[in-house]
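See structure below.
The values are calculated or read from the model by the stated rules, or taken from the named source; none is laboratory data. The model shown is predicted, which means the values in this text are computed figures rather than measured ones. So basically every Cβ, Gly included, is an ideal-geometry build from the backbone, and we count neighbours across all protein chains shown.
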Amino acid sequence: MSKVLKTTSRIFEGLSLVFLLSVFFCVFVQIIMRNFFSSGSIVLEELARISLVSLVFLMIPVLSLDGQHIIVDILTARLKGSVRRISNLIVQVLCTGFSVFLLVAIAQVLQRNWNVRTSAMRMPNIIFYIPIVLGLLFMGIASIHLFITIFKTKEEKK
């Protein structure tokens, strides 16, 4: 399972890099167009927005799996032994639950609006939501994997 997660993580990182370059390109072209030609492009603006959303949702699980995400550990840093381990297990359960909740919410939205198109690019919602769904699905799987890893890890003796 770990090898599959690492491979998926590398794929998501590569896709995120493409989306980051897309955001950079779109913003750069928009700056040039607005400053030198007094004109903007709603298509580039929408593409930048879609790329940014995709970048964020694809990188959340990658960073979580690698332990490089933003961690607010003001409480857990002070916990010791089994209490800390239990709190980490609870956090992973909450992350999994959050992923499932959002996936169900997106499924309900898409049941009615899957073919609604974005205003500028005319992209159907079903395509717009693909990176979001993949990111949330992978986040849930990564949280389950981290839960199992924490659960199997023996406590440190101090």
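Screening I141 on (1) under 16 Å from F12 (Cβ atoms); (2) assigned to a loop (DSSP other than H, G, I, E, B) shows it passes everything except condition (2).
Based on this model, can you work out whether Q92 counts as of a type in the set (S, T, N, Q) and either out of contact with any Phe, Trp or Tyr (no Cβ under 6 Å at 6 or more places or on another chain) or over 25 Å from S16 (Cα atoms) (or both)?
Values: of a type in the set (S, T, N, Q): yes; either out of contact with any Phe, Trp or Tyr (no Cβ under 6 Å at 6 or more places or on another chain) or over 25 Å from S16 (Cα atoms) (or both): no.
So Q92 does not fit the description; no.
Within region 7-57, track down each residue that is surrounded by 14 or more Cβ atoms within 10 Å (Cβ to Cβ), in a helix (DSSP H, G or I) and either touching an Asp or Glu at 6+ places or on another chain (Cβ under 8 Å) or hydroxyl-bearing (S, T, Y) (or both). Residues satisfying the conditions are T8, S9, S16, S22, C26, Q30, S51, S54. Just to be sure, is S119 of a type in the set (G, A, S), within 23 Å of S64 (Cβ to Cβ) and touching a residue at least 12 places away in the same chain (Cβ under 8 Å)? Answer is no for this residue.
Rundown of residues vs (1) touching a Gly at 6+ places or on another chain (Cβ under 6 Å); (2) within 23 Å of L44 (Cα to Cα); (3) at pLDDT 95 or above, yes/no style:
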{"residue": "I90", "(1), (2), (3)": "no, no, no"}
{"residue": "R112", "(1), (2), (3)": "no, no, no"}
{"residue": "V116", "(1), (2), (3)": "no, yes, no"}
{"residue": "M123", "(1), (2), (3)": "no, yes, no"}
{"residue": "L134", "(1), (2), (3)": "no, no, yes"}
{"residue": "A142", "(1), (2), (3)": "no, no, no"}
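Which residue is nearest to V23 (Cα to Cα), if the candidates are limited to region 65-87 and must be surrounded by fewer than 19 Cβ atoms within 10 Å (Cβ to Cβ) and in contact (Cβ under 8 Å) with a residue 60 or more places away in the chain? Show your work before the answer.
First, pick out the residues of region 65-87 that are surrounded by fewer than 19 Cβ atoms within 10 Å (Cβ to Cβ): 66-87.
Those still in the list that are in contact (Cβ under 8 Å) with a residue 60 or more places away in the chain too: 80-82, 85.
On the way: K80: 43, G81: 44, S82: 44, R85: 39 Å.
Taking the candidates together, the pick is R85.
In region 88-99, which residues are surrounded by fewer than 16 Cβ atoms within 10 Å (Cβ to Cβ) and either within 13 Å of I141 (Cα to Cα) or in contact with a strand residue (DSSP E or B) (Cβ under 9 Å, 6 or more places away or on another chain) (or both)? Talk me through it step by step, then tell me what you get.
Filtering region 88-99 for residues surrounded by fewer than 16 Cβ atoms within 10 Å (Cβ to Cβ) gives 89-90, 93-94, 97-98.
Those that are surrounded by fewer than 16 Cβ atoms within 10 Å (Cβ to Cβ) and either within 13 Å of I141 (Cα to Cα) or in contact with a strand residue (DSSP E or B) (Cβ under 9 Å, 6 or more places away or on another chain) (or both): V93, L94, G97, F98.
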